[in-house]
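Data first, discussion second: the structure below is written as structure tokens.
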Amino acid sequence: MITNEILKTIEQIAREVFGKLETKAQISVAQARLPDGQVDDATVSVSVTMDDPQLYIGEKGQTLFEIQHVIRAMARKKLGQAPWIALDINEYQKTKEAYLAELANAAADEAALLKKEKELPAMTARERRIIHTVISQRTDVTSESAGEEPDRKVVIRPKP
């Protein structure tokens with residue numbers, strides 16, 4: 001369970017990290033929500049708003065991911081065991097998740113209509129998980145990951 005004390009500690013850590021990066025940012029910390037609106041008992045959402053986010057997001061979100069990793073490592077050191085931390089800067093992650101859900105549905109529609117498997121481009125494990133979650137809610141297609149890192153892809157297949 002994520003307590004208010006844990007949320008306050010993670011907020012202090014996030015403020016410290018962005019302070020050391022010498023950026024002015026508005027930081028909001030809350031217990032994360034699942035896509036269906038229910039509370040996620042294992043994740044803390046750290047939302048950051050700033051004027052020039054690209055430097056802190058990086059190419060394909062890599063810098064954002066690294067900052068998230070640093071915040072979680074600091075939280076783990078301070079708390080003993082830290083919940084998963086979902087960092088989002090200027091809603092980059094939220095926008096990317098919406099794009100991936102749209103991509104998954106479009107590819108699934110194509111696979112179901114043409115009765116032919118559809119292979120998506122290589123993605124990170126997190127991106128593949130989003131795709132699999134969207135596909136799992138459909139009854140006409142299935143999905144599986146194929147290949148080796150870093151070229152691992154999602155393949156969507158029509159159900160017989």
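In this structure, Ala32 qualifies as in contact (Cβ under 8 Å) with a residue 12 or more places away in the chain, among the aliphatic types (A, V, I, L, M) and touching an Asp or Glu at 6+ places or on another chain (Cβ under 7 Å). A Cβ distance below 6 Å, combined with a sequence gap of six or more or placement on separate chains, defines the contacts here; from the stretch 2-27, residues that are touching a residue at least 24 places away in the same chain (Cβ under 8 Å) reach residues that are surrounded by 15 or more Cβ atoms within 10 Å (Cβ to Cβ) and among the small types (Gly, Ala, Ser) in the pairs Ile10/Ala75; Ile13/Ala75; Phe18/Ala25.
Scanning the stretch 88-111 finds no residues that are more than 20 Å from the chain's Cα centre (by Cα), of a type in the set (Lys, Arg) and either surrounded by 12 or more Cβ atoms within 10 Å (Cβ to Cβ) or not assigned by TED's automatic domain parsing to the domain that holds Leu34 (or both). Look at (1) touching a Phe, Trp or Tyr at 6+ places or on another chain (Cβ under 6 Å); (2) touching a residue at least 60 places away in the same chain (Cβ under 8 Å) and you find that Thr43 fails only one, number (2). Scanning the stretch 128-139 turns up no residue that is under 14 Å from the mean Cα position of the chain (by Cα), among the polar types (S, T, N, Q) and surrounded by fewer than 12 Cβ atoms within 10 Å (Cβ to Cβ).
Taking the stated definitions as given, is Gln26 modelled with pLDDT of 95 or more, of a type in the set (S, T, N, Q) and either under 16 Å from the mean Cα position of the chain (by Cα) or more than 19 Å from Lys96 (Cα to Cα) (or both)? Answer is yes for this residue. Before we move on, is Lys116 of a type in the set (Lys, Arg), at pLDDT below 95 and either not in a strand (DSSP E or B) or not assigned by TED's automatic domain parsing to the domain that holds Ala146 (or both)? No, not satisfied. Here Val17 passes the criteria (1) over 15 Å from Glu91 (Cα atoms); (2) surrounded by 15 or more Cβ atoms within 10 Å (Cβ to Cβ); (3) within 19 Å of the chain's Cα centre (by Cα) except the one numbered (3).
Suppose the filter is in a loop (DSSP other than H, G, I, E, B), under 21 Å from Leu34 (Cβ atoms) and not assigned by TED's automatic domain parsing to the domain that holds Ile27; does Arg126 pass it? Answer is no for this residue.
The values are calculated or read from the model by the stated rules, or taken from the named source; none is laboratory data. Being a predicted model, the structure only gives us computed values, none of them experimental. All Cβ positions, even for glycine, are placed from backbone atoms using ideal geometry, and neighbour counts span all protein chains on display.
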